[in-house]
Each structure stands twice: as structure tokens, then as C-alpha cells.
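The values are calculated or read from the model by the stated rules, or taken from the named source; none is laboratory data. All values reported here derive from a predicted model rather than from experimental measurement. Every residue, glycine among them, receives a Cβ derived from its backbone with ideal geometry; neighbour counts consider all protein chains shown. With ligands, DNA and RNA removed, areas are computed over all heavy atoms of the protein, side chains included. Shrake-Rupley method; radii C 1.70, N 1.55, O 1.52, S 1.80 Å.
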Amino acid sequence: MLSLLKRYRTLLIVSALLLYPFGAFLTTGGRRGREPNVVDRLVIGLTAPVQRGLVGLIDGVKAVVFGYIDLREVRQENEQLRAENLQLRASVHALGETRMENERLRGLLAYAEASPGPDIPARVIGVNPVAKLLSVRINRGESDGVFRGMSVVTPDGIVGQVVRTTGGWADVALVTDAQSRVAAQVQRSRARGTAAGAGKGPLQLENMLRIEDVQEGDLIITSGTDGVYPPGLVVGKVTHLEKTEHGMFLGGDIVPAVDTTRLEEVLVRGNPFGSSAQGGAGEGGGR
């Protein structure tokens, strides 16, 4: 018993000091007329700091608890707003992509309506990873009227030539392929030459006589003499010329009008000379 009293001595003293005012209040019936005696004043003086400390501690604990609750609610609200923001951003990106696709399709449709012959719209669904033949695959084939030898274009210029086709898809050899040859001419001076693919980088200007009028910045278009591409389609722009002191021809670089690495929608155009003029990517490259 003594050991328990010694162990909880401090707690018992504090409890007695705190309970004394309450007991005194009960014994007096809560009368207002009673003046505190010496013992009352002593107990009040001793317990007041403890009471203030307890009240402050309780208020501090309440502030921490309610602050934590508020902070947790704010954190949950922030997470919800962040999720909604991500959803809105995804929706905006999707709408932007849809708008850009609609603009491309409208341009493609307007170009197809203005062209003299029937064009077949197609979407690029694959890229050939083999370096020996730079080509893309489109989602139109023989069942859609697409056959080997037909030209493929966009409103910006030529893309390539159909080299393989089945019922539902076709492979298109790009103008940048090393085997590609396009009969071309300078739009300004009508000088004729050949735009040859180099496998990567710009096209090469070939078979252009040194005496011909061609300058850097000239627009190169199809001449229509290769039996593949109709005349007047944009090939690219001359960016560099090489004129040697000797020889009959000059060389140069042609930046393609169409970025073949970013193709999405194309038009397949019928051969202007009929189906008998169908050939591979390297055919029809003369002047």
C-alpha cells in the first residue's frame, strides 16, 4: 500500500488540489455569498497554474487534431482536383488531336475534289522497317481499286508509288527511297530533270543539263513524262546546286515538299496513262 502511495504520490496530490475547489463548491451549495477562506485561496493559487496548463494543453491538442482533420480534407480535395485536372487535360489533348485530324481530312477532301481524276483516300497504318525499301503501308488495296503503279500524294506534294497490293492494304515506296526516280521540271523555267531518292536526307537533282536555267529556291514539280505521276504536282524545292567546270549535267539537292516521316492520311491517284503503265519504284525515271 505504501509503495502504491509513493508511486502515485504526485498524481494524488494534483488530483486532491484539483478536486478540493469542486468539493468546496458542492458543500456550500454554490452560494455566491461565501467568501473564500485562507485554505481556498491557497488551493486556488496552487491549482490555477495547473488548470491553465491543462486548459492550454487541451486547446493545443484540439487545435492539432482539428488542424490535422482540415489538412487531410484539403489534401483529399487537392488529389481530387489533380485527378480532374488530368482528365480535363487529356480531354483537351484529345479534342486538339481531333481538330487537327479534321483539318487534315478537310484539306485532303478539298484537294481530291479539285483534282481531275478520282482519288482514293487512305490512312497510313504501318512503316516498313527494312532500310532497303523505304515504304509505308496504307489501309486500301485491290478491293478498293488500288493497284501496283498508282501514285500516292497529299495536298502538299507527292509521296510515292504503290509497289505491292492485296485485297485490303498496299505498300507505297516513298520518293525518298534510293530506287525512286521522278520525272521533274523547274516550275519557273520548265527545265527538265530527275528527282532521285537518296535513302535519307534530300532528293538529288539528276539529268539536268548545265545550260538549263535553274536556281536555288526554285520549285520542282512533276513533268508527267514518267507515266506515274500526273504533271504539275509539287516535288520539292532546290536548296543547293553543284555546277562543275566539266560535264554535261549539274547536280543539286531538293528538299521534299512532303515530310514522309510524318504521314498520316494520303490520296491514291490513278495512273494518268492507264493500268498498263504500272511499274516498280525504280521505273519511269526518265525525262
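Residue check: is D171 touching a strand residue (DSSP E or B) at 6+ places or on another chain (Cβ under 9 Å), under 18 Å from T261 (Cβ atoms) and in a strand (DSSP E or B)? If you could, list the steps in order and put the result at the bottom.
Numbers: touching a strand residue (DSSP E or B) at 6+ places or on another chain (Cβ under 9 Å): yes; under 18 Å from T261 (Cβ atoms): yes; in a strand (DSSP E or B): yes.
The answer is yes for D171.
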Expected single match for touching an Asp or Glu at 6+ places or on another chain (Cβ under 9 Å) and modelled with pLDDT under 90 among G193, G252, G286 is G286
Return the pairs, sorted by first residue and then second, in which the second residue is among the charged types (D, E, K, R), the first residue lies in the stretch 223-245 and is free of Cβ contacts under 8 Å to residues at least 24 places away in the same chain, the beta carbons are less than 6 Å apart, and the residues are 6+ apart or on different chains.
none
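Within the stretch 180-228, work out how many residues are aliphatic (A, V, I, L, M), outside any loop (DSSP other than H, G, I, E, B) and crowded, with 21+ Cβ neighbours inside 10 Å. Reasoning before the result, please.
So in the stretch 180-228, the residues aliphatic (A, V, I, L, M) come out as 182-184, 186, 191, 195-196, 198, 203, 205, 208-209, 211, 214, 219-221, 228.
If we keep only those that are outside any loop (DSSP other than H, G, I, E, B) as well, we get 182-184, 186, 195-196, 203, 205, 208-209, 219-221.
Next, only the ones that are crowded, with 21+ Cβ neighbours inside 10 Å stay: 182-184, 186, 195-196, 203, 205, 208, 220-221.
Matching residues across the stretch 180-228 total 11.
In the list A184, A170, which residue meets the criterion of being modelled with pLDDT of 95 or more and over 22 Å from V255 (Cα atoms)?
On the way: A184 fails: over 22 Å from V255 (Cα atoms).
From the options A184, A170, the qualifying one is A170.
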Identify all residues within the stretch 148-187 that are without any contact (Cβ under 8 Å) to a residue 60 or more places away in the chain and farther than 20 Å from V238 by Cα; write none if there are none.
R164, T165, T166, G167, G168, W169, D171
Can you name the number of the only condition in (1) at pLDDT below 95; (2) under 17 Å from P256 (Cβ atoms) that I220 fails?
(1)
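Can you spot a residue in the stretch 170-177 that is among the small types (G, A, S) and either open to solvent by less than 20 Å² (accessible area, probe 1.4 Å) or more than 30 Å from T244 (Cβ to Cβ) (or both)? Full working, then the answer.
Of the stretch 170-177, the ones among the small types (G, A, S) are 170, 173.
Filter once more, keeping what is either open to solvent by less than 20 Å² (accessible area, probe 1.4 Å) or more than 30 Å from T244 (Cβ to Cβ) (or both): 170, 173.
For the stretch 170-177, residues among the small types (G, A, S) and either open to solvent by less than 20 Å² (accessible area, probe 1.4 Å) or more than 30 Å from T244 (Cβ to Cβ) (or both): present.
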Consider the stretch 233-250. How many of its residues are within 14 Å of A184 (Cα to Cα) and open to solvent by 20 Å² or more (accessible area, probe 1.4 Å)?
2
